[in-house]
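What follows draws every value from the coordinates through simple rules; no lab data is involved. Note that this is a predicted model, so its numbers are computed, not measured. Here Cβ is always computed from backbone atoms with ideal geometry, including for glycine, and neighbour counts include all displayed protein chains.
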Amino acid sequence: MSASEQQIEKLEVGGMSIDAEPWAGRPLEDVEALFDLPLNDLLFAAQWVHRRRFDPSSVQVSTLLSIKTGACPEDCAYCPQSIRFATGIDTHDLMPLDEVKAAAARAKAAGATRFCMGASYRGPKDRQLEPILDMIREVKALGLETCATLGLLRDGQAERLADAGLDYYNHNLDSSESFYPKVITTRTYADRLETLGRVRSAGLKVCCGGIVGMGESRRDRAELLLTLASLDPQPESVPINRLVQVPGTPLDGADELDNFEFLRTIAVARILMPASHVRLSAGRTDFSEEMQALCFLAGANSIFYGEKLLTTDNPGTEADDRLFSRLGLRPAQSAQQP
Ligand code: SAM
Ligand code: DTB
Ligand code: SF4
């Protein structure tokens, strides 16, 4: 960053004055006004905020593994893993430790720096947590950052995860508080906030985001982002998923979200949470390379890397390596020492 760039404290753009500070507790109308900006103004502001704290060519790379798949009792209307929907996915119980370790080693060799283990629980029972703690220890020993997403956590569980060496816990708010009950009825927004509080109190880093393209309004998207931005401190990682429509789930056939609206969502997330890693998450296989390039310009600086997300497809390492090379992007170095 040049000295002259550093001196600018506020950016005047499209009639708005934007700084590079967290937007916790701001009026929702201000967030909606950001969404309403002409696209070029919004992208310029997001890129300006992004450059204040990040190297614009560096992208954090995480790999996902579904360590327990399907047969989930919850009714999340987007999710292929709920036992209530006939989606025909391959389900399996908890994977053996050696398979998880081998997958993590492959992810590391391919260039991922964080390994995220997902399990289709409403929340783990204490005895179900034991073998997962072993997985965390082994993955950590490989020199990877560790992340887990296991659903709701009870008292004491976040501390046990932290003691095993977990770095991040992923638990999403998914949508605005008012739209949420249209998507999930088996657990409340308050349940989710409680788990996020437990994760923070245990000293874990928070990975928390949502899904767009479920039929929610722009106001809902603004509200979701403002709620995320008002978590104190703001989440270190913010995955923004675009709904992957899976046949058999209630949300299959929902109106697709316009790409430019998705792009705006990324840009607004960047501006509201200037120090967070904003992750381009589910839905990337539906985006062209040009669309992904725009998302990086809007401030996305993290991706899921690998052939699969949990049960659905991801672009694959070869495609992403090619994209990074064409765009001059570099995978970020790990904060984790082997
Ligand atoms: N069962 C745990 C839970 O719900 O917290 C962890 C795994 S769950 C699959 C993690 C997140 O994946 C969800 O909160 C949701 O944001 C995202 N997700 C699931 N299915 C999706 C889909 N079809 N399209 C986009 N995102 C999806
Ligand atoms: C997140 O926000 N997205 C990831 C991760 N956290 C666990 C999961 C996306 C799942 C997409 C549907 C599937 O592959 O089953
Ligand atoms: Fe279960 Fe998580 Fe899927 Fe909801 S999102 S049905 S809790 S696996």
Report Rg(Cα)/(2.2 N^0.38 Å) for the stretch 199-241, keeping two decimals. 1.25
Check cross-link reach from Lys108 to the lysines: straight Cα distance under 26 Å, and skip same-chain residues fewer than eight apart. Lys68, Lys140, Lys205, Lys308
Give the separation of the Cα centroids, the stretch 228-244 to the stretch 10-38, in Å. 18
Potential lengthening between Asp75 and Ser288 on full extension [0.36 nm per residue; Cα-Cα distance subtracted]: 73.6 nm
Quote the charge dipole size of the chain about the Cα centre in Debye, to the nearest 20; the model charges only the Cβ of Lys and Arg (+1) and of Asp and Glu (-1). 720
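Just check the stretch 1-112 against the gyration tensor rule for me: Cα atoms, a ≥ b ≥ c as the square roots of the eigenvalues, rounded for a/c under 1.5, and otherwise prolate or oblate depending on whether a/b exceeds b/c.
oblate
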Can you tally the net charge around Ala105? Count Lys and Arg as +1, Asp and Glu as -1, for every other residue whose Cβ sits under 15 Å from the Cβ of Ala105. +2
Taking a spot 7 Å from the Cα of Leu142 along the direction of its beta carbon, which residues of the stretch 33-70 have an amide N less than 20 Å from it? 60-69
Once the Cα gyration tensor of the chain is found, what semi-axes does its equivalent ellipsoid get, as square roots of 5 times the eigenvalues, in whole Å, sorted largest first? 30, 23, 20
Cα gyration tensor category, rounded, prolate or oblate, for the stretch 47-124 with a/c compared to 1.5: oblate
